[in-house]
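The values are calculated or read from the model by the stated rules, or taken from the named source; none is laboratory data. The structure displayed is predicted, hence computed values, not measured ones. Here the Cβ positions follow ideal geometry from the backbone for every residue, glycine too, while neighbour counts run over all protein chains shown. Surface accessibility is based on the protein's heavy atoms, side chains included, excluding ligands, DNA and RNA. Shrake-Rupley method; radii C 1.70, N 1.55, O 1.52, S 1.80 Å.
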Amino acid sequence: MQKYEKLEKIGEGTYGTVFKAKNRETLEIVAMKRVRLDDDDEQNNLKKDNSPISCGPFGEGVPSSALREICLLKELKHKNIVRLYDVLHSEKKLVLIFEYCEQDLKKYFDGLNCDIDVNVVRSFMYQLLRGLAFCHNNNVLHRDLKPQNLLITRNGELKLADFGLARAFGIPVKCYSAEVVTLWYRPPDVLFGAKLYTTSIDMWSAGCIFSELANSGRPLFPGTDVDDQLKKIFKVLGTPTEENWPGVTQLPDYKPFPIYIPNLNLPQIVPRLNVKGRDLLQKLIVCRPSSRISADEAMAHPYFHDNRPATTTAANKSK
């Protein structure tokens, strides 16, 4: 720990505190995430998906979310995924050292004094998909995509962060926990208790974030609880049936909803997105998980054909 000088607290979450710090040797600014140990409730909750977690050199008492993050980020090295530099461990604390990013997407939204430039929207979305495609091609589901977990650098780079709920997947498919993804970004299948899901879980979240980007921070489906979330989704996309989503009534937490007729008025929902952007959004927010577009397919969408990198000035209009 003497290698790093703690500068200021920049965030606090359920499982730890994040500080801005400086490497005394290189003078590089880093993010220091101090993880709480011996959190039995967190251990029990995150092990509900029956996925074994090896403690490796860390021993008992280390939260499973931290172990997941360490194991996955050691393997996931990509420009659109936050970099884990170092892991410091003692009997009383665990500290993760990450590359430092100036803000997350939520804070970026909060600081806006105008609409986001359309080229910045396109650039951020492409970077999100590129990071996701790398995760999915390396058999990793993020499972908690939301603006707070997307970091933005001063140069307009977007990086996926907080892999505490992420997990590796493979064949055969196992039963995973349905208690993942923050409510506003959780797909209908998981809201209905699905425990068999694939990369489509992240693609729904990406679609919700895409809409939020286009609307300068206004969420697409801001539900107050699971029922309200499903109702908000169905009022726009229509209530699913066995005809258009075979097997939906067999999901663990399925319950009948009023029959809403699809009312996907994209020009009204995302007025600042062009026709190609609306088409991409429509391919992401699909109730039936098997019909959602993949990250690789989304990156090849015509919406990105005239993609231009976001400039530092455009990416920092909120400052």
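Just to be sure before I move on: is Asp115 over 13 Å from the mean Cα position of the chain (by Cα), at negative phi and assigned to a loop (DSSP other than H, G, I, E, B) in the structure I sent?
Numbers: over 13 Å from the mean Cα position of the chain (by Cα): yes; at negative phi: yes; assigned to a loop (DSSP other than H, G, I, E, B): yes.
Yes; evaluated as a whole, the condition is true for this residue.
Sort out which residues of segment 14-32 are at pLDDT below 90 and either in a strand (DSSP E or B) or loosely packed, with under 14 Cβ neighbours inside 10 Å (or both), and write them in order of number.
Taking segment 14-32 and keeping what is at pLDDT below 90, we get 14-17.
Correct list: Thr14, Gly16, Thr17.
Restricting the search to segment 218-232, which residues are under 17 Å from the mean Cα position of the chain (by Cα) and either among the charged types (D, E, K, R) or open to solvent by 20 Å² or more (accessible area, probe 1.4 Å) (or both)? Write out each step before concluding.
Pass one, segment 218-232, residues under 17 Å from the mean Cα position of the chain (by Cα): 218-222.
Arg218, Pro219, Leu220, Pro222 - these are the residues of segment 218-232 that are under 17 Å from the mean Cα position of the chain (by Cα) and either among the charged types (D, E, K, R) or open to solvent by 20 Å² or more (accessible area, probe 1.4 Å) (or both).
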Quiz prompt | Residue check, Phe234 assigned to a loop (DSSP other than H, G, I, E, B) and either touching an Asp or Glu at 6+ places or on another chain (Cβ under 6 Å) or touching a residue at least 12 places away in the same chain (Cβ under 8 Å) (or both) | solution = no
Self-check item: Residue under evaluation Val87, criteria (1) aliphatic (A, V, I, L, M); (2) in contact with a Gly (Cβ under 9 Å, 6 or more places away or on another chain); (3) under 28 Å from Lys3 (Cβ atoms); (4) open to solvent by 30 Å² or more (accessible area, probe 1.4 Å), criterion not met
Solution: (2)
Practice problem: May I ask you to say which residue of Lys159, Lys107 is among the basic types (Lys, Arg) and either in a helix (DSSP H, G or I) or surrounded by fewer than 16 Cβ atoms within 10 Å (Cβ to Cβ) (or both)? | Solution: Lys107
Quiz prompt | Lone unmet requirement of (1) surrounded by 13 or more Cβ atoms within 10 Å (Cβ to Cβ); (2) within 18 Å of Arg186 (Cβ to Cβ); (3) touching a helix residue (DSSP H, G or I) at 6+ places or on another chain (Cβ under 9 Å) for Lys235 | solution = (3)
Exercise. Please name all residue pairs, on different chains or six or more residues apart, with Cβ atoms under 7 Å, provided the first residue is in segment 196-216 and is under 21 Å from Arg167 (Cβ atoms) and the second residue is acidic (Asp, Glu) and assigned to a helix (DSSP H, G or I).
Key: Tyr197/Asp189
